[in-house]
Amino acid sequence: MSDPVQVAPGVHRLGSPLLGFYLVEEDGAYTLVDAGLPAHFDQLLTLIERLGGDLHDVEAVVLTHAHADHLGIAERVRTEAQARVHVHGADAQRARQPGGTDHERGLLPYLRRPAAARFVAHVLRGGARRVPRVEDLHTFVDGAVLDVPGRPRVIATPGHTHGHASLLLAGRGVLLAGDALCSRNPLTGRAGPQVMPSAFNASTERALASLDRLAGVEADVVLFGHGDPWTGGVAAAVERARELGPS
Ligand SMILES: [Zn+2]
Ligand SMILES: [Zn+2]
């Protein structure tokens, strides 16, 4: 666990160095973008308190996708803050039934790497195996501008999961890329913007194709589910990801 930091105007990064999720503030109301692991709930409470708010000021949880390490406290925030949980329609079933995988490759080839062992231990310790299902969901489609604090615009970026979405905070020049990209590979430790490793993707080919959708997006700051923020603009991040290729 690490202390939350403000990574863009009104955007705070929660989680740990290995796994990030974000609190977006607008006029004293909040949207949580992704929901970390069950162990992260107290970290959210502490941050909101520090910002002078209350858990009930969290109006929405918007999921970039429904993997367990992005879903951890979604149901708890939904019930305790009466927040609405939003996800792309193609990932809704997964949010209702966390756990199952449709990854194109097994984890085994990676496990001898120290980074992989560290990441897997980290998510298990944080409660990845006991993530509650989300009982009430609102689904969105590509291109929607969500009526939640921060008003993120949905850019469908399938591949990592079938319903993966990136979220653009247009006025702030911030792209929340979820796991469409990462800036540190959680299984190999490779640094730099890149698509996620094949062991975590439904289709790496599709994830690479989705980069075309991001290439023209205008934002200076890119925030990831895994790795530190990138401040060199979306186009350069996409270019780097294409150079680095799959893993
Ligand atoms: Zn993921
Ligand atoms: Zn992830």
Assuming a ≥ b ≥ c are the square roots of the Cα gyration tensor eigenvalues, decide whether the stretch 184-247 counts as rounded (a/c under 1.5), prolate (otherwise, with a/b larger than b/c) or oblate. oblate
Cα gyration tensor of the stretch 5-244, axes a ≥ b ≥ c as square roots of the eigenvalues: rounded (a/c below 1.5), prolate (a/b > b/c) or oblate? rounded
Could you tell me the center-to-center distance, by alpha carbons, between the stretch 188-226 and the stretch 60-128 in angstrom? 17 Å
Over the chain, relative contact order from alpha-carbon pairs under 8 Å, at least 6 apart, %: 18 percent
Cβ charges +1 (Lys, Arg) and -1 (Asp, Glu), total dipole of the chain, debye: 980 debye
For a Förster distance of 30 Å, can you work out the FRET efficiency between the beta-carbons of ALA121 and VAL7, rounded to the nearest 0.05? 0.75
Set Lys and Arg Cβ to +1 and Asp and Glu Cβ to -1, take the dipole of the chain about its Cα centre, and tell me which of ALA241, VAL24, VAL62 lies farthest positive. ALA241
Counting each DSSP H run of 4 or more residues in the chain as -39500 (n - 2.57), what helix-only mean residue ellipticity at 222 nm follows after dividing by all residues, to the nearest 500 deg cm²/dmol? -7000 deg cm²/dmol
Overall form of the stretch 1-105 per C-alpha gyration tensor (a/c, 1.5; a/b vs b/c): prolate
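Bear in mind that the values in this text are calculations on the coordinates, not laboratory data. Because the structure is predicted, anything quoted here is derived from the model rather than measured. Quick reminder, even Gly has a Cβ in these numbers, built from the backbone with ideal geometry, and neighbours come from all protein chains shown.
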